[in-house]
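Participant: Please find one structure pasted underneath; my questions will follow.
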Amino acid sequence: MSADPSASAPSEEELRAAYEAEMSHITSADMVLQAAVSLLNIGGYRLGLAPPPDRPAAGAGSDAGAQARDLEQVRDAIDAVRGLLPILERRRPGELRPLRDALSQLQMAYAREAGVAEKGEDVTRTQSPSPSEPQSPSQPGPAQSSGRLWVPGR
Amino acid sequence: MSGALDLDKAAETFAQASDGTVGVEEEFAILDPDTLEMIPRYEHLCEVAQRDRLLHEHITGELISSEIEIISGVGADLHDALVRQRERRRRLFALADAEGVALAATGTHPWADYREQRIIDTDHYRRVEQGLKYVAWRNNTFSLHVHVGVNDIDRAVRACDRLRVVLPLLLAISANSPYLDGRDSGLHSARTQSFTKSFPRCGVPDAFGGWQAYREYIEFLRRTGSIVEFTQVWWSVRPHFAFGTVEVRICDAQATAEESEALAGLIVASIAQAVRDVDEGAPVFDPPPRLIEENMWRAIRYGLDGLLIDLEHGEEYPARAAIERLLRWTAPVRGELHIEPVFSELNGAQRQRRLIETGAAREEVFAASVAETLQSYPQQEVSV
């Protein structure tokens, strides 16, 4: 890629030869591996956590970390690596373990971050109070207000 | 034999027990590190561990050969027990690594087939298998048990009574087993459905009111040939006759050591507070078992994502607030015992469920949980 504009441009023949020489050294599996590693790194970066990424108090992270945070990109990276894994299973079984571990860690970190952001909205049947006020209690749930629940002492 | 049924001796053990000693038991699945399948290596690990006396003395078997348990032994208090347990964990995980196996800490293995598991060869577990058959075979589960020493067996039984309503809350906080038999069960604690709800004399016990009634109950079981050792009484809270402790057995195994320690702290505080309430004659809240079962079901099904019922007031509250409620109730003893448990934002079942929601396959979800375990358990600092 070090084209010197003052030098005479290489001929199309020369370019093709150089390109083919390069292509002959690299395999698809190499590229897949490289892409997977890069995606895992990008995914980790886009969690927006100050390292180490697995501390309970994370989420706050550093300022730089907070700016990098983009959970959608993390999700993209995870899905992409998942897509690449079957190829690596075939072609690079010996190098799979650390990649799998890194993917597992990224997935769990994503689940923690995204899960905290959304906080289980699908399961509870009433709007659950925000996690920051866990005691904000005692609004009657649907079972009670509909009178279906027997209430001791009433 | 530790489980023999000498009730005078049990009372004597409690008479000599010191308040506040702590023991922790953690159970793990033994896995092939590549496939994450359960593999029967308990006997092998136990044999290799003979080179390490401390570890060997604190390893125990738990029903099947693909399961291994480490125990802290008697700690003077929670902190002492945790220091001991960290040392055991470090050695066990190093040994497992050297022997080419991985260890998992979820309440169930997601896809292991119970029909392929081998029951370990001990008197107790032979008896369990002979007595329970399918119910024993089905029980491929992993949990965290915590003991607290209680002087005087009558106090211990009465403390157990007070802990009945607490069990569902601890279960919800600990939930960490969405999968069973290769499928997403839709539950947060499939372990409880598979084990606690199927074993006899298991789950939330009746309130006994004191040692006399409990003793009559155990004598009845013995007289009628229902049990030959007290460890066949599997209630989720029970006085442990051989140790002189109150033991809480309701919780799923925890994916990370930090969670296991926070939960152990909360359990120790709960037992200690229950004993304190007995001593101070605090009013006993003793709802009918069917109401406690409502909370048990909610904990099994929804864990911390759901709502629990305040049984005293008949009102629902977000299950996450169970942590806050138990911390508030136990504040007096926690202050004295310096127990300040910190819980992660999402428990194990919630993290797994969030992964499932992103489309992760069960193998990936399990791999992510195992990665957490392998990262966390061996690396806890040994000094506090």
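Participant: By per-residue mean of other Cβ atoms within 10 Å, what is the highest-first order of B:122-129, B:145-152, B:249-256?
Facilitator: Listed from highest to lowest mean packing, they are B:249-256, B:145-152, B:122-129.
Participant: Antiparallel DSSP bridges in chain B: what percent, to the nearest 5?
Facilitator: Roughly 90 percent of the DSSP beta bridges within chain B come out antiparallel.
Participant: For segment B:182-259, what does the accessible surface come to per residue with a 1.4 Å probe? Please give it in Å².
Facilitator: Spelled out: the 1.4 Å probe surface of segment B:182-259, per residue, equals 33 Å².
Participant: Turning to a different aspect of this structure: Specify whether the C-alpha gyration tensor of chain B places it in the rounded, prolate or oblate class, a ≥ b ≥ c being the square roots of the eigenvalues: rounded for a/c under 1.5, otherwise prolate if a/b is larger than b/c and oblate if not.
Facilitator: rounded
Participant: OK, next. How large is the charge dipole for segment B:1-55, taken about the Cα centre, if only the Cβ atoms of Lys, Arg (+1) and Asp, Glu (-1) carry charge, to the nearest 20 debye?
Facilitator: 220
Participant: By the scheme Lys and Arg +1, Asp and Glu -1, what is the net charge of all other residues having a beta-carbon under 11 Å from that of B:E27?
Facilitator: Result for the neighbourhood of B:E27: -4.
Participant: So for the protein assembly as shown, taking the charge dipole from beta-carbon charges (+1 Lys/Arg, -1 Asp/Glu), which of A:S104, B:P239, A:I42 sits furthest toward the positive end?
Facilitator: About the Cα centre, the residue reaching furthest to the positive side is B:P239.
Participant: Within 10 Å of each Cβ in peptide B:302-308, how many partner chain Cβ atoms are there on average? Round it to a whole number, please.
Facilitator: 4
Participant: Another one. Please compute, for peptide B:320-333, the average count of beta-carbon atoms on other protein chains lying within 10 Å of each residue's beta-carbon.
Facilitator: Mean shielding by partner chains, rounded to a whole number: 2.
Participant: Evaluate peptide B:353-362: per residue, the Cβ atoms of other protein chains within 10 Å of its Cβ; return the mean as an integer.
Facilitator: For this peptide, the per-residue mean of nearby foreign Cβ atoms is 6.
Participant: To continue, here is another question. Suppose every K and R has +1 on its Cβ and every D and E has -1 on its Cβ; what is the size of the dipole of segment B:48-152 about the Cα centre, in Debye to the nearest 20?
Facilitator: Roughly 120 debye for segment B:48-152.
Participant: To the nearest 20 debye, what is the magnitude of the charge dipole of the protein assembly as shown about its Cα centre, counting +1 on the Cβ of each Lys and Arg and -1 on the Cβ of each Asp and Glu?
Facilitator: 1420
Participant: In nanometres, what is the gap between the two model label sites at B:K9 and B:R290, each 7 Å from Cα along Cα-to-Cβ?
Facilitator: 4.2
Participant: While we're looking at this one, here's another question. Pick from B:R158, B:R276, B:R53: which is most flexible by mean-square fluctuation in a GNM of chain B where alpha carbon atoms under 10 Å apart are linked?
Facilitator: The residue that fluctuates most here is B:R53.
Participant: Using a simple spin-label model with points 7 Å from Cα along the Cα→Cβ vector, what separation in nm is obtained for A:I26 and B:E43?
Facilitator: So the label points at A:I26 and B:E43 sit 5.4 nm apart.
Participant: What's the buried accessible area, both sides, between B and A using a 1.4 Å probe, rounded to 100 Å²?
Facilitator: 3400
Participant: Provide the percentage of antiparallel DSSP beta bridges, counting only those with both residues in the protein assembly as shown; round to the nearest 5.
Facilitator: 90
Participant: With every protein chain kept in the model, how would you rank B:Y114, A:Y19, B:Y317 by accessible area, 1.4 Å probe, largest at the top?
Facilitator: Ranked list, largest accessible area first: A:Y19, B:Y114, B:Y317.
Participant: Given B:Q193, B:I227, B:H58, which one lies farthest toward the positive end of the charge dipole of chain B, if we put +1 on the Cβ of every Lys and Arg and -1 on the Cβ of every Asp and Glu?
Facilitator: B:I227
Participant: Tell me which of A:A114, B:Q273, B:P110 sits at the most positive position along the dipole axis of the protein assembly as shown, charges placed on C-beta atoms (Lys, Arg +1; Asp, Glu -1).
Facilitator: Value: B:Q273.
The values are calculated or read from the model by the stated rules, or taken from the named source; none is laboratory data. If you're wondering where the values come from, they're calculated on a predicted model, not measured in any experiment. Reconstructed Cβ throughout: ideal geometry from the backbone, glycine too, with neighbour counts over all protein chains shown. The area values use the complete protein model at the heavy-atom level, side chains included, leaving out ligands, DNA and RNA. Shrake-Rupley method; radii C 1.70, N 1.55, O 1.52, S 1.80 Å.
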